Amino acid sequence: MSGRIFSGVQPTGALHLGNYLGAIRHWVRLQQDYEAIYCIVDQHAITLPQDPKELRGATREVAAALIACGIDPTHSILFNQSTVTAHSQLAWVLMCQTPIGWLNRMTQFKEKAGKQRENASAGLYTYPVLMSADILAYNATHVPVGEDQKQHLELARDTAGAFNRQFGVEFFTLPEPMILGEATRVMSLRDGTKKMSKSDTSDYSRINLTDDADTLAQKIRKAKSDPIEGVSFDPEKRPEASNLLTIYAALADRPRQAVEDEFASANFSTFKNRLAELCVEKLSPITTEMRRLLADPAEIDRILDQGAGRADAIAGPILRQVYDIVGFRQG
Ligand code: AMP
Ligand code: TRP
């Protein structure tokens, strides 16, 4: 084993192609070489309002999606965050090591809080500290994520360093980000300058892993394009075409340049038809398997509970050592 991986995904709606290409398919591959811990971060989800019933459903749905994508829960650890108390307990300790100035720099808070910053929850503001706790509670060595999480990971490293310095220990490992592949930032199908996201109000902006073949093909056909002839990669001038090329290359597991060469003189609709076929070919088996798993929610719960037990067995002792280092009297 070359180290211990930790990563997380929010249960705030169906997983989409950005999650899959930017993160999950790498998580699947990494299971072979690393001890892997994958967490459905329900405590992160409530930093924005969630409907309780939907949150519980989405947690099971994300678990099913991860297993359908190839996460093996008998090998890797798969669980939901709120079932392992060490995350929030460690977050408090780390909160006390994190200067407010560091949090003020987080761009995702600014984006998510929008104009209503004064009304945003303290949870949304301190979200990156909970994320640091997720990782440090396992002393994970590597964290595979999409581009958008880079700044949060830098904060996790800084926080680990601040704790070690404050207490004069070499306790926390500084986790390495792993931002892998070509599709580290998959963009919206409606606007090539915006990230594909679960929270976009238009369902046509993203491909969900739950979409059936017809919906999926229709979304690709309706994806925004441009009037320029041929298909080429130029994120500045042709953000939409560039995004679709990147998606194609990532799904086909081919270098982007090769795909660009192949479609250089093709018209856009031909390219989109081929991309739609490729999406259906790669994603339909995942969707089918996910539906099968979701028919038995008790089995998903059993898998998550088992994962929580294994996660707690690692994080519990680490938290107790942290409590000892900071000087908490423990019974
Ligand atoms: P989230 O849905 O925000 O919990 O993200 C789960 C994982 O998917 C994280 O590693 C993100 O960096 C990654 N991710 C989310 N959206 C995208 C996107 N549009 N492109 C690439 N990776 C993404
Ligand atoms: N913040 C991440 C996201 O929105 C999810 C996440 C929470 C995470 N805790 C983590 C990712 C720990 C990696 C490691 O995508």
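The values are calculated or read from the model by the stated rules, or taken from the named source; none is laboratory data. Quantities reported herein were computed from a predicted structural model and do not represent experimental measurements. Note that each Cβ is placed from the backbone with ideal geometry, even for glycine, and that neighbours are counted across all protein chains shown.
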Pairs needed: first member in the stretch 22-50, free of Cβ contacts under 8 Å to residues at least 40 places away in the same chain and assigned by TED's automatic domain parsing to the domain that holds residue 305; second member anywhere, within 10 Å of ligand 2 (Cβ to nearest atom) and not in a strand (DSSP E or B); C-beta distance under 8 Å; at least 6 residues apart or different chains. 45/10; 45/12; 50/12
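For residues that are among the β-branched types (Val, Ile, Thr) and more than 15 Å from residue 149 (Cα to Cα), scanning just the stretch 10-53, find the one that is farthest from ligand 2 (Cβ to nearest atom).
Looking only at the stretch 10-53, we keep the residues that are among the β-branched types (Val, Ile, Thr), and these are 12, 24, 28, 37, 40-41, 46-47.
Checking the rest, the ones that are also more than 15 Å from residue 149 (Cα to Cα) come to 12, 28, 37, 40, 46-47.
Values: 12: 9, 28: 16, 37: 9, 40: 9, 46: 12, 47: 10 Å.
Per the stated criteria, the residue is 28.
Just need a number here: residues in the stretch 131-145 that are of a type outside the set (Asp, Glu) and near ligand 2 (Cβ under 7 Å from one of its atoms). If you could, list the steps in order and put the result at the bottom.
Filtering the stretch 131-145 down to residues of a type outside the set (Asp, Glu) leaves 131-133, 135-145.
Filter once more, so that each one left must be near ligand 2 (Cβ under 7 Å from one of its atoms): 131, 135, 143, 145.
Of the residues in the stretch 131-145, 4 are of a type outside the set (Asp, Glu) and near ligand 2 (Cβ under 7 Å from one of its atoms).
If a residue must be free of Cβ contacts under 8 Å to residues at least 60 places away in the same chain and β-branched (Val, Ile, Thr), how many such residues does the stretch 195-222 contain?
In the first step, residues of the stretch 195-222 are kept if they are free of Cβ contacts under 8 Å to residues at least 60 places away in the same chain; the result is 200-205, 214-215, 218-222.
Applying the additional criterion that residues be β-branched (Val, Ile, Thr) yields 201, 215, 220.
Qualifying residue count, the stretch 195-222: 3.
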Scan the stretch 268-317 residue by residue and report those that are touching a Leu at 6+ places or on another chain (Cβ under 6 Å) and either outside any helix (DSSP H, G or I) or among the basic types (Lys, Arg) (or both). 282
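Table: residues versus (1) β-branched (Val, Ile, Thr); (2) within 12 Å of ligand 1 (Cβ to nearest atom).
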| position | (1), (2) |
| --- | --- |
| 17 | no, yes |
| 25 | no, yes |
| 33 | no, no |
| 37 | yes, no |
| 48 | no, yes |
| 52 | no, no |
| 56 | no, no |
| 68 | no, no |
When both residues are 6+ apart or on different chains and their Cβ atoms are under 8 Å apart, which pairs have a first residue that lies in the stretch 129-149 and is away from ligand 1 (no atom under 15 Å from the Cβ), and a second that is among the basic types (Lys, Arg)? 138/4; 139/4; 141/4
Tell me which of these residue 94 doesn't satisfy, since it passes every other one: (1) surrounded by fewer than 22 Cβ atoms within 10 Å (Cβ to Cβ); (2) in contact (Cβ under 8 Å) with a residue 12 or more places away in the chain; (3) away from ligand 1 (no atom under 16 Å from the Cβ). (1)
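Matching residues to (1) out of contact with any His (no Cβ under 9 Å at 6 or more places or on another chain); (2) surrounded by 13 or more Cβ atoms within 10 Å (Cβ to Cβ); (3) not assigned by TED's automatic domain parsing to the domain that holds residue 151:
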site: 75; (1), (2), (3): yes, no, no
site: 82; (1), (2), (3): yes, yes, no
site: 86; (1), (2), (3): yes, yes, no
site: 108; (1), (2), (3): no, yes, no
site: 113; (1), (2), (3): yes, yes, no
site: 116; (1), (2), (3): yes, no, no
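Among the residues of the stretch 137-154, which ones are of a type outside the set (S, T, N, Q) and more than 17 Å from the chain's Cα centre (by Cα)? Don't jump to the end; show me each part of the working.
So in the stretch 137-154, the residues of a type outside the set (S, T, N, Q) come out as 137-138, 140, 142-148, 150, 152-154.
Hits for the stretch 137-154 are 137, 138.
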May I ask you to list the residues in the stretch 163-188 that are away from ligand 1 (no atom under 11 Å from the Cβ) and crowded, with 17+ Cβ neighbours inside 10 Å? 163, 164, 172, 173, 175
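In the stretch 235-250, is there at least one residue being farther than 22 Å from residue 195 by Cβ, outside the structural domain of residue 12 (by TED's automatic domain parsing) and polar (S, T, N, Q)? Working first, answer last.
Taking the stretch 235-250 and keeping what is farther than 22 Å from residue 195 by Cβ, we get none.
No: the stretch 235-250 contains no residue that is farther than 22 Å from residue 195 by Cβ, outside the structural domain of residue 12 (by TED's automatic domain parsing) and polar (S, T, N, Q).
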Any idea which of 258, 313, 266 is within 19 Å of residue 40 (Cβ to Cβ) and either surrounded by 12 or more Cβ atoms within 10 Å (Cβ to Cβ) or not hydroxyl-bearing (Ser, Thr, Tyr) (or both)? 313
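Collect the residues in the stretch 1-14 that are modelled with pLDDT under 95 and buried (at least 24 other Cβ atoms within 10 Å of the Cβ), keeping them in residue-number order. First the steps, then the outcome.
First, the residues of the stretch 1-14 that are modelled with pLDDT under 95: 1-2, 12-14.
Passing the criteria: none in range.
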